[in-house]
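Before any comments, here is the structure.
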């Protein structure tokens, strides 16, 4: 019975050590950033479709504008109340 030149462990180590790149690099950093970006978006938006995601973003922007308008009006109301009471 002939003995193989490489054992199963040696063959496994030689294939995994070269990674996907034949140049010996560990991978492009942009690939890792893209993966992080995708995971962050999934965490934030779940599994929404692109049109749903766009609508959500638009609604969030509109909500932010409305919150700012309400806070401005509330502040103006407080200033007018203060001026009307004569405590200025």
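Kindly indicate whether any position in segment 3-13 is modelled with pLDDT under 80, outside any helix (DSSP H, G or I), out of contact with any strand residue (DSSP E or B) (no Cβ under 6 Å at 6 or more places or on another chain) and surrounded by 10 or more Cβ atoms within 10 Å (Cβ to Cβ). The answer is yes; a qualifying residue exists. The combined condition, being surrounded by 10 or more Cβ atoms within 10 Å (Cβ to Cβ), at negative phi and modelled with pLDDT of 95 or more, is not fulfilled by residue 83.
The values are calculated or read from the model by the stated rules, or taken from the named source; none is laboratory data. This one's a predicted model, so the numbers in the text were calculated from it and none came from an experiment. Here Cβ is always computed from backbone atoms with ideal geometry, including for glycine, and neighbour counts include all displayed protein chains.
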